[in-house]
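To start, the structure under review is shown below, and the notes come after it.
The values are calculated or read from the model by the stated rules, or taken from the named source; none is laboratory data. Predicted model, so just to flag it, every value in this text is computed and none were measured. With ideal geometry, Cβ positions are generated from the backbone for all residues, glycine too; neighbour counts draw on all protein chains shown. Heads up: the accessible areas ignore ligands, DNA and RNA and are worked out on the full protein's heavy atoms, side chains in. Shrake-Rupley method; radii C 1.70, N 1.55, O 1.52, S 1.80 Å.
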Amino acid sequence: MKWPDRIISFSAGGAICFAAVFFAGYNDSEKAKEERPAVHFMTFSPDVPRKITFCGETVDLTRYNRHEGMDRELSSFTYLHSTTMLLMKRANRYFPVIEPILKANGIPDDFKYLAVIESNLDPMSVSPVRAKGIWQFMEATAKEYRLVITSTVDERSHVGRATEAACKYLKEAHDKYGDWLLVAASYNAGMGRISSEYARQQTPALDLWLVEETSRYLYRIFAIKQIFENPYRYGFVMNARNLYRAIPCDEVTVSEDIADLAAFAAGYRITLSDLKRFNPWLRDTRLVVEKRIYKILIPRSEYMTYDRPDDVEVHDSRWVVNR
């Protein structure tokens with residue numbers, strides 16, 4: 001067996017990973033100088049913490065099913081590199097919107113990670129069963145929690161309004177269960193299913209026998225929280241310039257129909273696509289207000305480029321290695 005000529009070490013998954021660089025038959029000949037060394041990467045399993053905190057309470061993960069459930073999701077997020085990095089980049093834009101609304105409604109800050117799991121922080125996300133938005137509301141449920149859905153508006157894709165609606169659901173579920181873990185599980189499975197299974201099994205949320213999707217759900221929330229709070233430990237290294245900028249906007253109050261949103265956007269020197277990206281709840285090329293009042297966001301042009309990469313505000317300093 002040939003030993004590597006050089007070992008490059010780096011941190012990932014709570015352990016030290018190594019890239020072994022082999023210089024096979026390396027010498028001073030011209031041919032050898034042109035050859036590139038082979039780099040072999042070793043993959044390590046991420047460490048599973050013995051306990052974590054969720055909504056201010058300690059969660060013991062030493063029981064076999066909990067350890068293995070957390071291990072599965074930590075491994076998945078650790079090695080789905082591009083997806084996990086994208087989540088942190090988007091969080092820099094959307095967490096400043098979500099966090100104050102959770103706080104104002106008495107919902108623990110950790111529930112922002114539920115939004116990450118639900119939609120990958122994509123306000124336009126649509127599931128195979130037609131759940132939509134950053135909190136993945138079905139149409140009937142959205143209307144129950146007073147989100148407007150018409151031919152030209154879908155507030156499931158409005159980050160602020162949908163977060164307000166999610167808070168109403170979460171508060172209602174907590175009034176019912178008094179347990180934030182059961183509340184989180186119910187967001188995936190529904191209060192009816194969780195209530196019946198809890199009554200039948202009489203065991204903590206993490207030990208309930210549920211369908212696989214719901215069984216994995218809580219561990220996915222735990223795992224993404226663990227990585228967001230310790231990204232470098234799991235091999236994610238980013239600088240401030242890698243994060244997505246939270247672009248300041250001006251609000252325009254609208255109380256009358258807009259027949260042509262493209263012309264409306266042009267009046268503010270932006271494109272229709274810009275208008276749609278910052279107001280994803282606009283589902284058509286027109287707006288019918290139906291006696292309602294809407295606030296449309298107009299992005300400020302001076303913040304719409306990345307020509308000043310060092311000017312990106314970092315929402316959580318743990319996400320970057322320097323600022």
Open item on the list: So Arg277 passes all but one of these: (1) touching a residue at least 40 places away in the same chain (Cβ under 8 Å); (2) within 20 Å of Leu87 (Cα to Cα). Which condition number does it fail?
Closed with: (1)
Task: Candidates Lys176, Lys143 - the one that is in contact with a strand residue (DSSP E or B) (Cβ under 7 Å, 6 or more places away or on another chain) and open to solvent by 30 Å² or more (accessible area, probe 1.4 Å) - done: Lys143
Task: Search result, residues across the range 218-242 that are in contact with an Asp or Glu (Cβ under 8 Å, 6 or more places away or on another chain), open to solvent by 30 Å² or more (accessible area, probe 1.4 Å) and either of a type in the set (S, T, N, Q) or closer than 30 Å to Leu182 by Cα (or both) - done: Arg220
- [ ] Restrict the check to the range 120-134 and report whether at least one residue is open to solvent by 10 Å² or more (accessible area, probe 1.4 Å), in contact with a Leu (Cβ under 6 Å, 6 or more places away or on another chain) and either under 27 Å from Asp257 (Cα atoms) or of a type in the set (Val, Ile, Thr) (or both).
- [x] no
TODO: For residues that are touching a residue at least 40 places away in the same chain (Cβ under 8 Å) and more than 14 Å from the chain's Cα centre (by Cα), scanning just the range 194-217, find the one that is nearest to Gly178 (Cα to Cα).
DONE: Leu206
- [ ] Being open to solvent by less than 80 Å² (accessible area, probe 1.4 Å), within 20 Å of Thr203 (Cβ to Cβ) and in contact (Cβ under 8 Å) with a residue 24 or more places away in the chain is the filter here, so list the residues in the range 62-83 that pass it.
- [x] Asn65, Arg66, Gly69, Met70
- [ ] Evaluate the following for Ile117: is it in contact (Cβ under 8 Å) with a residue 12 or more places away in the chain, of a type in the set (A, V, I, L, M) and in a helix (DSSP H, G or I)?
- [x] yes
TODO: Name the residue, out of Arg245, Arg300, that is loosely packed, with under 15 Cβ neighbours inside 10 Å, within 27 Å of the chain's Cα centre (by Cα) and touching a residue at least 24 places away in the same chain (Cβ under 8 Å).
DONE: Arg300
TODO: Name the one entry in Ile101, Ile134, Ile149 that is in contact with a Lys or Arg (Cβ under 9 Å, 6 or more places away or on another chain) and touching a residue at least 40 places away in the same chain (Cβ under 8 Å).
DONE: Ile134
Task: Residue under evaluation Leu297, criteria (1) aliphatic (A, V, I, L, M); (2) more than 25 Å from Ser157 (Cα to Cα); (3) in contact with a strand residue (DSSP E or B) (Cβ under 7 Å, 6 or more places away or on another chain), criterion not met - done: (2)
Task: Condition broken by Ala185, with the remaining ones in (1) touching a residue at least 60 places away in the same chain (Cβ under 8 Å); (2) assigned to a helix (DSSP H, G or I) satisfied - done: (1)
Open item on the list: Given the criterion part of a loop (DSSP other than H, G, I, E, B) and over 13 Å from Phe228 (Cβ atoms), identify the matching residue among Val59, Val129, Val97.
Closed with: Val129
Task: Every residue from the range 254-288 that is of a type in the set (Asp, Glu), open to solvent by 40 Å² or more (accessible area, probe 1.4 Å) and within 25 Å of Val126 (Cβ to Cβ) - done: Asp284
- [ ] Report whether or not Met138 is among the aliphatic types (A, V, I, L, M) and under 16 Å from the mean Cα position of the chain (by Cα).
- [x] no
TODO: State yes or no: is Pro123 within 25 Å of Phe95 (Cα to Cα) and part of a loop (DSSP other than H, G, I, E, B)?
DONE: yes
Task: The lone exception for Thr203 - which of (1) in a loop (DSSP other than H, G, I, E, B); (2) of a type in the set (Val, Ile, Thr); (3) open to solvent by 40 Å² or more (accessible area, probe 1.4 Å) it fails - done: (3)
